[in-house]
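Each remark here refers to the structure printed beneath this line.
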Amino acid sequence: MASAFPAVSIILNHLGAPLGVGPYAGKRAEVFEAWREGILRVAACPNVVVKLGGLGSERSGFDWHERAAQPSSTELAAALKPYIELCIEKFGADRCMFESNFPVEKRANSYVAVWNAFKRITANYSESERAALFHDTATRMYRLKAKK
């Protein structure tokens, strides 16, 4: 669809929502490879921007919602990093934006831990890349007025 309508901006939500439940449970490596191939195809469409987040919902299969203690930002960063870094590499920081999926993820993750995980993942990124990921891309795509 993105190729058919190149003048239309499209936002891919939740990293494209790779599945980890039902027939996909226990097949994280296989699912990642199929998801990766899809991301490569979508990233080739310059009118698509991706929201980085949303993997704390039950459909992702991490099962954090079943634990007594929520994962730390370090643990979240380790789990999310392969997905997020691939998207940033293929789309570029100017076509990626961090997002939360709260309150949906509240059972699985702490809001603070999720955002700290994003900070950990991008600790070595440039100032301009981090600005794009945490602010600029969303401001541009949603046509928000930036405070001066």
Calculate, in nm to one decimal, what E58 and F32 gain on full extension: separation in residues at 0.36 nm each, minus their alpha carbon distance.
7.7 nm
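How many Å² of accessible area per residue for the chain, probe 1.4 Å? Could the numbers behind the result be given before it?
Numbers: 8420 Å² over 148 residues.
I get 57 Å² per residue for this part.
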Average projection area in nm² (convex hull over Cα atoms of region 55-133, one quarter of hull surface)
5.0
Compute the separation of the alpha-carbon centres of region 1-66 and region 84-118 and state it in Å as a whole number.
12
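Taking K and R as +1 and D and E as -1, what net charge do the other residues with C-beta under 12 Å from the C-beta of A44 add up to? Could the numbers behind the result be given before it?
Working: positive: R41, K90, R95; negative: E37.
Around A44, the surrounding residues sum to +2.
With a 10 Å radius around each residue's Cβ, average the other Cβ atoms per peptide and rank 116-126, 65-75, 33-43, 130-140, highest first. Write out the running numbers ahead of the final one.
Numbers: 116-126: 16.5, 65-75: 12.9, 33-43: 14.9, 130-140: 18.0.
With the highest mean Cβ count within 10 Å placed first, the list reads 130-140, 116-126, 33-43, 65-75.
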Under the helix-only model (-39500 (n - 2.57) for each DSSP H run of 4 or more, divided by the residues of the chain), the mean residue ellipticity at 222 nm, to 500 deg cm²/dmol, is -11500 deg cm²/dmol
³J(HN,Hα) computed for each position of region 4-21 - Karplus, 6.51 cos²θ - 1.76 cosθ + 1.60, integer Hz, glycine/proline x:
6, 10, x, 8, 9, 6, 10, 10, 7, 7, 6, 6, x, 6, x, 8, x, 10
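Return the carbon/sulfur percentage of the accessible area of region 54-148, one whole number, probe 1.4 Å, all protein chains in place. Intermediate values should be presented prior to the final figure.
Values: 2740 of 5400 Å².
Carbon plus sulfur share of accessible area: 51 percent.
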The answer for V50, listing residues at least 5 apart or on another chain whose modeled amide H is closer than 5 Å to its amide H, is L12, C96, M97
Calculated from backbone phi, Karplus (6.51, -1.76, 1.60) coupling profile of region 38-50 in Hz, x at Gly/Pro
x, 4, 4, 5, 5, 4, 6, 9, x, 8, 9, 10, 10
Show the residues, 5+ positions off or on another chain, whose built amide H is closer than 5 Å to the amide H of G20.
S60, G61
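Net charge around I121, counting only other residues with Cβ within less than 11 Å of its Cβ (Lys, Arg = +1; Asp, Glu = -1)?
Values: positive: K81, K119, R120, R130; negative: E85.
Around I121, the surrounding residues sum to +3.
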Those lysines that a straight Cα-Cα span of less than 18 Å connects to K119, excepting residues fewer than 8 apart in one chain
K51, K81
Quick one: what Rg and Dmax do you get for region 1-65 from the alpha carbons, in Å?
13.2, 40
Packing rank of 7-20, 46-59, where each peptide gets the mean count of other beta carbons within 10 Å, highest leading
46-59, 7-20
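Stretched out fully, how many nm does the piece from E66 to A7 gain, at 0.36 nm a residue minus the Cα gap? Walk me through the intermediate numbers first.
Values: separation 59, 0.36 × 59 = 21.24 nm, distance 4.29 nm.
Separation in residues times 0.36 nm, less the Cα-Cα distance, equals 17.0 nm.
Stretch N47-Y142 to full length: gain in nm at 0.36 nm per residue minus the Cα-Cα span? Walk me through the numbers before you get to the answer.
Values: separation 95, 0.36 × 95 = 34.20 nm, distance 1.38 nm.
32.8 nm is the gain from fully extending N47 to Y142.
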P(r) of the chain over all Cα-Cα pairs, binned every 5 Å from zero, in whole percent:
2, 10, 18, 22, 21, 15, 8, 3, 1, 0
List the residues, sorted by chain then number, that are 5 or more residues from S110 or on another chain and whose placed amide H is less than 5 Å from its amide H.
none
Using the Cβ atoms and a cut-off under 15 Å, what net charge is assigned to the surroundings of A132, where Lys and Arg are +1 and Asp and Glu are -1?
-1
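The values are calculated or read from the model by the stated rules, or taken from the named source; none is laboratory data. Just so we're clear, the structure is a prediction, and the values are computed from it rather than from any experiment. Every residue, glycine as well, gets a Cβ built from its backbone with ideal geometry; the counts of neighbours run over all protein chains shown. Accessible surface is based on the protein model in full, side chains and every heavy atom, while ligands, DNA and RNA are left aside. Shrake-Rupley method; radii C 1.70, N 1.55, O 1.52, S 1.80 Å.
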